[in-house]
1. Evaluate the distance, in nm, between pseudo-label points positioned 7 Å from the Cα of A:Ile376 and of B:Leu134 along their respective Cα→Cβ axes.
2. Considering every residue in B:18-24, what mean count of other chain Cβ atoms within 10 Å of its Cβ is obtained?
3. How well do other chains shield peptide B:74-87, expressed as the mean number of their Cβ atoms within 10 Å of each residue Cβ?
4. Decide, for segment A:355-458, between rounded, prolate and oblate: order the square roots of the alpha carbon gyration tensor eigenvalues as a ≥ b ≥ c, take rounded if a/c falls under 1.5, and otherwise choose prolate if a/b is larger than b/c, else oblate.
5. Report Rg (one decimal) and Dmax (nearest whole number) for segment B:3-62, counting Cα atoms only, units Å.
6. Using only Cα positions of the protein assembly as shown, each an equal point scatterer, no hydration layer, compute I(q)/I(0) via Debye at q = 0.08, 0.09, 0.12 Å⁻¹ and quote the log10 values to two decimals.
7. Based on Cα coordinates alone, diagonalise the gyration tensor for segment B:75-150, multiply each eigenvalue by 5, take square roots, and list the semi-axes in whole Å, largest first.
8. Taking only Cα atoms, what is the 0 to 90° angle, nearest 10, from helix A:473-494's long axis to the longest principal axis of chain A?
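Just so you know, all these numbers are worked out from the coordinates, no wet-lab data involved. It should be emphasised that the depicted structure is a prediction, and the values quoted were computed from it without experimental measurement. Neighbour counts are summed over all protein chains in view; Cβ atoms, including those assigned to glycine, are modelled from backbone coordinates with ideal geometry.
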Amino acid sequence: MTFLLDGFQTALQLHNLFFAFLGVLIGTAVGVLPGIGPMSGVALLIPVTASMTSGFEPAQAATSSIILLAGVYYGAMYGGSTTSILLNTPGESSSVVTALDGYQMAKQGRAGSALAIAAIGSFAAGIVSLIALVLLAEPLSNVALKFGPAEYFSLMILGLAAVSGLAGNSMTKAWMMTVFGLLLSTIGLDSVSGVERFTYNISFLYGGLEFLTVAVGLFALGEVFKAILHKEQNNDRIAKIGRIIPAKEELKESAGPIARGSLLGFLVGILPGAGATLASFFSYMLEKKISKHPEKFGKGTIAGVAAPESANNAASGGAMIPLLTLGIPGSGTTAILMGALMMYNVQPGPLLFDEHPDVAWGLIASMFIGNVMLLILNMPLVKIFAKIIETPPKYLLPLIIAISIFGVYAVQVTTFDIFLLLGFGVLGYLLATNDFPLAPLVLGLVLGPMIENNMRRALTASNGDFFVFIEKPISFVLLIAAILWIAIPFLMKLKGKSVIVNEDM
Amino acid sequence: MNKTFDRIATLTFLAIGVLFMIGSLRISKSAYGSVVGPNVFPFLLGLILVLLSVKLLFETMRYRSTHGEKQRLQYKKFWTIFISSIFYAILLEPIGYVITTFLFLIIGFQTMEKGSIWKSIIIAACFSLGVYGLYVKMLQGTLPSWPIWLR
């Protein structure tokens, strides 16, 4: 508890309050704008925060940046509901289900209460998942501290298996992306022996491919290129918002769905690979199943908004647990957050709570504050945010390219990285439009060096005997879990059942 | 799904896997008393990538291409913006951040949609000068400044 109080002390510092506010504000805007998801939003803001915090001490800079970036992440979950409800076009994939009932409510003139319930549900879910995060963080990181290199290797393989098993339509493609990401991570000087690998004497490559450049290119530029090539006409009229304060019976009606959505979302969020999208989908199905009036779903019932919106927010809180305690990101967005932390030499994982308690607890405390800010921001300001939807892409898209180029140049100070950025932008567009999921690639790139180092340490200790991964009991169990994670959806597909996959995390 | 793209991508990834395997054979095997040198991990990964590519190649033979309605892609807009961003990168250091960014944004805005030239000029000027002022003057970051003949 004292740690949490210290965390609040960190988070309540004036500049950190400002960063949290900026983060949730930008996050909401990112969620509202169709075309920019949480992943590209966070990637795009890494260099911006890096330049904003450049005057700070290293640890402080890390805390402030991660507070802002996490704010963007859960702020986007709030904002995503706005477009789903008002326009029937979800701003990001985790709000797809919200559109089913939300848009119907808006058509009936109840957009205001739908938006309010979405905000309240998101808030409640955010708090629930944070309390669970506080309770679970210490015990989990204590368990993970007992892990040796072999266990770590297997744990990371499990993380990769989980994400690759659930991403996209073709598991082969997802695995190819994972391996490709791992391969890209081997470029540069080998951290163990100092030997150069795949650099071909290009001095820019000695440090390896910069994670930032790759992530911004793949996600931010990839999406911009897609938006330019596939011009979408958006002539839908925006629904009127009307009264914002929900009626008493609507609040009463949605209390249950919010509570169930929060818990379910949190549990789904902890699992690597199953992100906010799946959480919102599951909770909607659950509500429909246990409801006394299942026929009302899809026609504008408030439970159909409350449950998925709570679930996707709770999932984003739950996803922080494996990231902070184990150092294993469970989704594309958390992989980007992890990359950002590593840019500041802060290694997420069990040691994080010992080595950088201010970063870990400051972040957790700031998420409490950020959620309160979001609630305050979203209730009265929802009409203003709805206006953001009307930002013409004519100005938005070139500006995103300019921001990406500025960001990469500001951090790297070489034009080589701008070319790399543009190249990865095209690659990201091509791969994503052809069903090659990008999240596993980024995950592989982030986890690559850690997997390799742990593998080599384990093998060095065992004199090159690969059986060491099976002989250690924990490592064995983790590997079996990884195999099951891949095998079960595969077997279900063979049986002819359709498997729900995460299209986009 | 697009069969042609999948085939090309598969062959590309196959080639990448093979190249990484060959490349890793050329890495020196010095491992300082350890059996596992810096070449093992990339070699294994290259091998896995090759195997996965072969698997996908077989999969692409099985499924039928599901051609939906072909959307007309805006190639002209894309190439204009992409090529101007390449020029943006090339010219960034020689003629400075403000000028290149301003020009890139004007071209970008006008390519997306012709018209309201004054609004474009104002937004582009605000962004390029604003970023430069904030980042270089206030935060003391480095960006290529004005070209020599203007200073």
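1. 2.3 nm
2. Going residue by residue through B:18-24 and averaging, the value is 3.
3. Across B:74-87, the average partner-chain Cβ count within 10 Å equals 4.
4. Because a/c hits 1.5 or more and a/b fails to exceed b/c, segment A:355-458 counts as oblate.
5. When restricted to the Cα atoms of segment B:3-62, Rg and Dmax are 14.4, 48 Å.
6. -0.58, -0.75, -1.40
7. Each semi-axis is √(5λ); the values are 23, 15, 10 Å.
8. 50 degrees
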